[in-house]
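Engineer: Here it is: the structure, laid out below.
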Amino acid sequence: MVHQMIRPNIIHAISNRLFKLQQNVQTKRWFNHHYETLSLYQRKSLVRPRHLHSLNPSIQSYNDALNVPDTKIDTLPNGIRVVTENSGIPTCTIGLWIDAGSRFETTQNNGVAHFLEHMAFKGTKNRTQMQLELEIENMGAHLNAYTSREQTVYYAKCLSEDVSHSLEILADIIQRSKLGKDEIERERSVILREMQEVETNIQEVVFDHLHDVAFRNTPLGMTILGPVENIQKINRDDLIHYISTHYKGPRIVVAGAGGTNHEQIVKLVNANFGGIDADTSGINVEPCKYQGGDVRLNDDSMSLIYGALAIEAAGWTNPDNIVLMIANTLIGSWDRSLGGGFNSFSYLSQVSLENNLCNSFQSFNTCYKDTGLWGIYFIGEKGKLNDFISHLIEQWHILCSTVTEAELERARNLLKTNMMLQLDGSTQICEDIGRQMLCYGRRIPLTEIEARIDSIDLPYFKQVCERYIRNREPVLALVGPTESVYNYDQIKSRMHR
């Protein structure tokens with residue numbers, strides 16, 4: 001385990017290297033990243049069934065009622081997978097989901113994936129930056145990109161008739177970016193300013209340190225932006241090497257949703273991306289070992305404490321992940337400024353309201369390929385935070401023992417509703433396609449997702465929660481006047497019962 005104490009005036013006195021962006025703040029908000037519940041595990045990883053009749057022929061009529069489009073999949077000779085769903089609308093989202101992010105970096109080049117994303121729209125060998133911007137604007141399209149710990153994404157939202165043009169632009173960006181010296185220097189300054197802005201986003205600070213202490217000395221513990229010293233020295237050769245190493249056919253999914261023509265897109269992808277190398281032999285993914293511990297960034301000048309308490313969770317394909325998703329939904333979130341809580345089925349929401357224990361909290365379930373973090377982010381006053389932490393842990397123990405069938409049923413229903421609401425629009429569906437194909441190698445239909453959620457009965461739910469929560473090493477990150485908060489051993493002892 002790791003214990004770390006960092007003292008006064010963190011916002012002004014801690015060096016920039018401690019504050020790196022958990023996510024590209026210009027394109028993705030934290031909640032969207034940490035509350036992903038749109039994907040499940042592979043078909044071979046079945047949970048213990050409760051309602052096997054959920055997987056019956058009525059699924060087809062259910063799909064028809066929801067107007068769920070068929071998923072079409074083709075794999076090119078170089079390994080690129082082309083996956084589309086045609087809903088017949090006049091617009092579409094088309095993009096590349098690449099199995100590359102900060103997890104595939106080293107301490108020497110940490111930050112290069114995010115730096116490369118910044119360079120994506122700064123001109124290619126065929127187009128200047130101005131020409132690129134004009135082409136996009138003339139189509140009325142939107143071009144975007146973001147980097148996470150395990151994925152890099154480039155996508156366009158456009159009229160269906162402009163899919164060909166959009167794919168050609170994406171291919172130009174991915175394969176022929178100019179990466180000019182002047183542009184690199186300009187983006188270096190932009191990223192450094194971005195890092196300074198992130199220093200004031202305490203939520204980002206908390207989650208970066210939570211990852212650091214949970215996966216210390218492994219790639220998942222590194223931030224997406226990288227340390228200042230790396231940003232200051234990344235050069236064109238570093239960017240080219242990262243592209244040539246990680247942008248390989250089998251690691252790329254071209255996903256399309258909305259008004260798409262699958263056969264046309266397959267031909268376009270083959271024409272524009274067919275030359276991408278298929279050899280992935282040079283890529284080694286370092287395993288990331290979880291370790292318990294805590295880090296406290298003490299600043300007595302702050303009026304509130306910001307923190308997150310978590311445990312190691314399941315990876316994407318682990319069948320236990322569905323149970324943790326339900327548990328995450330059952331705890332939910334609460335915010336004093338929004339009111340409510342008395343009618344919540346979450347014990348933690350009720351007790352927080354009745355005793356004024358915190359300002360807000362949000363349960364989260366963050367998944368990676370082989371591990372994850374499941375916990376609660378919270379904001380509260382120092383005089384009441386110990387009581388909140390005690391009740392937080394009590395809520396976790398309730399999941400293992402006294403949670404009721406009614407509570408589980410409501411959580412299952414809410415999870416299914418949330419998942420459907422998050423698939424509202426071609427961009428959200430396209431993201432879901434890309435993420436599922438990279439994580440599981442297949443597209444999971446909504447009917448199967450619902451059946452798997454419904455298959456979790458109460459004994460099995462308690463059994464899985466018991467395995468992940470009881471007698472485990474938690475990880476804690478705190479920012480603010482932290483000296484009065486329980487020490488790590490006190491928190492750990494409350495987990496062990």
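Engineer: Got a sec to turn the phi values of the range 427-444 into Karplus ³J(HN,Hα) couplings, 6.51 cos²θ - 1.76 cosθ + 1.60 with θ = phi - 60°, whole Hz, x for Gly and Pro?
Structural biologist: 5, 5, 5, 4, 4, 5, 4, x, 5, 5, 5, 6, 7, 10, x, 7, 9, 9
Engineer: So, one more: Describe numerically, in nm with one decimal, the distance between label points set 7 Å from Cα along Cα→Cβ at LEU159 and at GLN131.
Structural biologist: 2.3 nm
Engineer: Can you tally the net charge around GLY256? Count Lys and Arg as +1, Asp and Glu as -1, for every other residue whose Cβ sits under 10 Å from the Cβ of GLY256.
Structural biologist: Summing Lys/Arg as +1 and Asp/Glu as -1 gives 0.
Engineer: I'd like the distance between the alpha-carbon centres of the range 345-382 and the range 182-208, rounded to an integer number of Å.
Structural biologist: 27 Å
Engineer: Taking the Cα centre as origin and putting +1 on Lys and Arg beta-carbons and -1 on Asp and Glu beta-carbons, what dipole magnitude results for the range 293-495, to the nearest 20 debye?
Structural biologist: Dipole magnitude for the range 293-495 comes out near 260 debye.
Engineer: Run down the lysines and flag those whose C-alpha is under 20 Å from the C-alpha of LYS492, throwing out any fewer than 8 positions away in its chain.
Structural biologist: LYS289, LYS382, LYS384
Engineer: Next question, about the same structure. Taking the Cα centre of the chain as the origin, how large is its charge dipole in debye, to the nearest 20, when only Lys and Arg (+1) and Asp and Glu (-1) carry charge on their Cβ atoms? Don't skip to the end; give the middle numbers.
Structural biologist: Working: 49 positive and 58 negative charges, 174 e Å.
That gives a dipole near 840 debye.
Engineer: Provide the per-residue ³J(HN,Hα) series for the range 74-90, in order, calculated from phi with Karplus coefficients 6.51, -1.76, 1.60 and θ = phi - 60°, each as a whole number of Hz, with x at glycine and proline positions.
Structural biologist: 9, 10, 6, x, 8, x, 5, 9, 10, 10, 9, 9, 9, 9, x, 7, x
Engineer: Oh, and also: When a/c reaches 1.5 or more, the comparison of a/b and b/c decides; with that in mind, is the range 71-273 rounded, prolate or oblate per its Cα gyration tensor? Don't skip to the answer; put the middle values down first.
Structural biologist: Numbers: a/c = 1.85, a/b = 1.56, b/c = 1.19.
Because a/c hits 1.5 or more and a/b exceeds b/c, the range 71-273 counts as prolate.
Engineer: Among ILE173, GLN108, ILE89, pick out the residue whose Cα is farthest towards the positive end of the charge dipole of the chain, where Lys and Arg carry +1 and Asp and Glu carry -1 on C-beta, about the Cα centre.
Structural biologist: With unit charges placed on the Cβ atoms, the residue in question is GLN108.
Engineer: Given the rule -39500 (n - 2.57) for each run of at least 4 DSSP H residues, summed and divided by the residues of the chain, what is its mean residue ellipticity at 222 nm, to the nearest 500 deg cm²/dmol?
Structural biologist: Using -39500 (n - 2.57) per qualifying helix, the result is -12500 deg cm²/dmol.
Engineer: Here's another thing I want to ask about it. Taking amide H atoms as placed 1.01 Å from N in the peptide plane, list the residues 5 or more away in sequence, or in a different chain, whose amide H sits under 5 Å from that of GLY332.
Structural biologist: SER363
Engineer: Where Lys and Arg each count +1 and Asp and Glu each count -1, what net charge lies around SER352 among other residues with Cβ under 10 Å from its Cβ?
Structural biologist: -1
Engineer: Taking a cut-off of 25 Å between Cα atoms, list the lysines near LYS72, but don't count ones fewer than 8 places away on the same chain.
Structural biologist: In chain and number order, the partners are LYS44, LYS157, LYS248, LYS267, LYS369, LYS416.
Engineer: Full extension from GLU168 to ASN270: what is 0.36 nm times the residue separation minus their Cα-Cα distance, to one decimal in nm?
Structural biologist: 35.6 nm
Engineer: Which aspartates and glutamates have a Cα less than 14 Å from the Cα of LYS122, not counting those fewer than 8 places away in the same chain?
Structural biologist: GLU133, GLU135, ASP172, ASP182, GLU183, GLU185, GLU187
Engineer: List the pair-distance distribution P(r) of the chain, using every Cα-Cα distance, as the percent of pairs falling in each 20 Å bin from 0 up to the bin containing the longest distance, rounded to whole percents.
Structural biologist: P(r) for the chain, in whole percents per bin: 23, 54, 23, 0.
Engineer: Work out, step by step, the length gained on full extension between LEU338 and MET420: first 0.36 nm times the residue separation, then minus their alpha carbon distance; give nm to one decimal.
Structural biologist: Here the answer is 27.1 nm.
Engineer: Tell me, in nm to one decimal, what length is gained between GLU409 and GLN291 on full extension, where the rule is 0.36 nm per residue of separation less the Cα-Cα distance?
Structural biologist: Result for the pair: 39.2 nm of gain on full extension.
Here, each number is a calculation from the coordinates, and none is a lab measurement. The shown structure was predicted, so the numbers you read here are calculated from the model rather than taken from an experiment. Cβ coordinates were reconstructed from backbone atoms using ideal geometry, including for glycine residues, and neighbour counts include every protein chain displayed.
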